[in-house]
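A short reminder: the numbers here are calculations on the coordinates, not readings from a lab. Given the structure is predicted, the values throughout are model-derived calculations rather than measurements. Here Cβ is always computed from backbone atoms with ideal geometry, including for glycine, and neighbour counts include all displayed protein chains.
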Amino acid sequence: MTRSLIDESPEAIDAIASADVVLGCTDDQIGRELLQNAVYYYMQALIDVGLGGDLDEDGEGNPYLRYHFGRVSTILPESGECLFCQDVISELWIRTEHELRANPDMSDDEIKTKYLEKSGENAPGVGPFTSATADYGLAGLFDLLRPFRVFPDELRRDQYFIDFVYMTLSSREYKNNGECPYCGKHTLIAKKESYRLNRPILGKPNVID
């Protein structure tokens, strides 16, 4: 098997295009943006999960989890908000990752000098929390197939956070951005392709005339 970056792999895009539901668990912004593009172009559901958190030290220098959370986002092209409007991905974070891909040794000071910024979702790899967040994502898939959940008014169906320290659930406020090309104007739904996702690097789509 040849390893390649998802945003440079025609085979990966063809595999995604053949799916009904996409489960995303990538750590990078570039990959998340591509998955989002794909589900709008191909009219699919995307369940994207991520982790955030930070370690700290107590007065005696012992490390502890200061905060740690899982996030589950459900993207339905015709309803709800996209990953940009959910503040899961941003153009600035994506540009930063492209810069780091070209220059992996770039220091944090260089990143600041170039007015760039790393993604807001970074977390230590704590196994049980990683698995628990993935389980919440799979439960979201079951809910799409056969709705069974009752959400309280303060939680969004398309995005919520699981706080593993304080054991609470929460959601961010809706942005309601009517100008967003994804979830506002819906200009990318089933958009015609000259190339896969209209990215020349991915080549012509496999279609039957």
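Below, the figures for the structure above:
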{"read-out": "³J(HN,Hα), Karplus 6.51/-1.76/1.60, whole Hz, each residue of segment 54-65, x for Gly, Pro", "value": "7, 9, 9, 10, 7, x, 9, x, 8, x, 8, 7"}
{"read-out": "Extension gain, residue 169 back to residue 107 (0.36 nm per residue minus Cα-Cα distance, nm)", "value": "18.8 nm"}
{"read-out": "Stretch gain in nm, segment residue 20-residue 192, where the contour uses 0.36 nm per residue and the Cα spacing is subtracted", "value": "60.1 nm"}
{"read-out": "Contact order normalised by residue count of segment 134-209, Cα under 8 Å, 6+ apart, percent", "value": "12"}
{"read-out": "Over 30 Å (Cα to Cα) - which of 118/185; 114/191; 112/175 fall in this group", "value": "114/191"}
{"read-out": "Most fluctuating residue given options 22, 88, 165, as computed from a GNM of the chain linking Cα atoms under 10 Å", "value": "165"}
{"read-out": "Extension gain, residue 27 back to residue 145 (0.36 nm per residue minus Cα-Cα distance, nm)", "value": "39.9 nm"}
{"read-out": "Cα→Cβ-extended label distance, 7 Å offset, between residue 132 and residue 60, nm", "value": "2.5"}
{"read-out": "Rounded to the nearest 20 debye, dipole of segment 29-101 from Cβ charges on Lys, Arg, Asp, Glu", "value": "340"}
{"read-out": "Rounded Å value of the spacing that divides the Cα centres of segment 179-200 and segment 17-76", "value": "22"}
{"read-out": "Normalised contact order of the chain, rounded percent, pairs of Cα under 8 Å and 6 or more residues apart", "value": "26"}
{"read-out": "Radius ratio Rg over Rh of segment 13-109, counting only Cα atoms, Kirkwood formula for Rh", "value": "1.08"}
{"read-out": "Choice from 153, 143, 20 with maximal GNM fluctuation in the chain (Cα, 10 Å cutoff)", "value": "153"}
{"read-out": "Within segment 51-205: Cβ-based charge dipole about Cα centre, in debye rounded to nearest 20 (Lys, Arg +1; Asp, Glu -1)", "value": "1160"}
{"read-out": "Within the chain, helix-based [θ] at 222 nm, where runs of 4 or more DSSP H residues each add -39,500 (n - 2.57), nearest 500", "value": "-8500 deg cm²/dmol"}
